[in-house]
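Below is one structure; the comments refer to it alone.
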Amino acid sequence: MTFDRRIKIAPSILSADFADFGREIRAIEDQGADWVHVDVMDGHFVPNLTFGPPAVAAFRKHVKTVMDVHLMIAPVDPYIDAYAKAGADILTAHIEAGPHIHRTLQAIRGAGMKAGVALNPGTSADAVEHLLDLTDLVCVMTVNPGFGGQKYIDMTAKVRRLRAMIGDRPVHIEIDGGMDPTTAPLMAAAGADVLVAGSAVFKGGSVAAPEVYGANIRAIRAAAEAA
Ligand code: DX5
Ligand code: ZN
């Protein structure tokens, strides 16, 4: 993985057909997805449950781009090796998931993955000040994590502040929640480069009509690039 700040669209397969992940992943990649965003939920850190390491390992066989795994689980540390074996390229943990995020980020890198740190809407940008040299990605949640299709919560000031804190470091700013052609430009203008989108990518399409995914991805990208 090389670093750049061009806009990247990362469809969340939380909005895909759960009985057909292989074809869904191939469809979004064929239609222009830059990364594939995988939302892991444990029914404890967030009030919803999705999938674990064996499912993520199965997705890996279909992902040709970058597998971006967003852990919404607590604790994180006992599962880091399992997600490395499952083939995650980027593994993101929530700062709110435990008292030792510094150790967690070191362990993620130590296991050979890029390390991401995610911030809930109520968490300040300042919380990552002492983590910026240990992380490859800061994920700013623009919804409370747990479900797709929620309403965007504006985090413009937080993203601007993060962008300034990051400076020249090779750290991505990823936005997760409620991204569509209306909201994505606000975040791109504030300094984000990775835009996760679930419902806005999968809306109206299917593996039988993948061109709809392509049109949805292009609409988000065009709006963000014009910001
Ligand atoms: C929310 C997840 C998101 C979610 C985004 O907890 O982390 O990745 O799937 O979905 P949309 O784009 O529908 O808000
Ligand atoms: Zn996510």
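A few remarks follow.
- Whole-Å distance, taken between Cα centres, linking segment 130-179 and segment 51-121: 16
- Net length gained if the chain between Ala189 and Lys85 were fully extended (0.36 nm per residue, minus Cα distance): 33.8 nm
- Computing FRET efficiency as 1/(1 + (r/R0)^6) for Phe3 and Gln106, where r is the C-beta to C-beta distance and R0 is 25 Å, gives about 0.80.
- For segment 51-157, alpha-carbon Rg and Dmax in angstrom: 13.7, 38
- Reciprocal mean inverse distance between Cα atoms of segment 80-227 - Kirkwood radius, Å: 16.0
- All lysines inside 25 Å of Lys114 as judged from Cα atoms, apart from same-chain residues fewer than 8 positions distant: Lys8, Lys61, Lys64, Lys85, Lys158
- Contour minus Cα-Cα distance for Asp77 and Asp168 (0.36 nm per residue): 29.9 nm
- Among Ala58, Ala82, Val69 the positive-end extreme of the charge dipole of segment 41-96 (Cβ point charges): Ala58
- Apportionment of accessible area to carbon and sulfur, the chain, percent (1.4 Å): 53
- MRE, 222 nm, helices only [DSSP H, n ≥ 4, -39500 (n - 2.57), over the chain, to nearest 500]: -9000 deg cm²/dmol
- Extending 7 Å from Cα along the Cβ direction at Glu225 and again at Leu49 yields two label points whose distance is 4.2 nm.
- In terms of overall dimensions, the C-alpha atoms belonging to segment 145-193 reach 33, 21, 15 Å along their principal axes, ordered largest to smallest.
- Per-residue HN-Hα couplings for segment 11-19 [Karplus 6.51, -1.76, 1.60; θ = phi - 60°; Hz; x = Gly/Pro]: x, 8, 6, 4, 9, 7, 6, 5, 8
- Computed over segment 15-88, the ratio Rg/Rh where both radii use C-alpha atoms and Rh is Kirkwood: 0.96
The values are calculated or read from the model by the stated rules, or taken from the named source; none is laboratory data. The structure presented is a predicted model; accordingly, all values stated were derived computationally and were not measured. Note: ideal-geometry Cβ built from the backbone for every residue, glycine included; neighbour counts use all protein chains shown. SASA here: full protein model, heavy atoms, side chains in, ligands and nucleic acids out. Shrake-Rupley method; radii C 1.70, N 1.55, O 1.52, S 1.80 Å.
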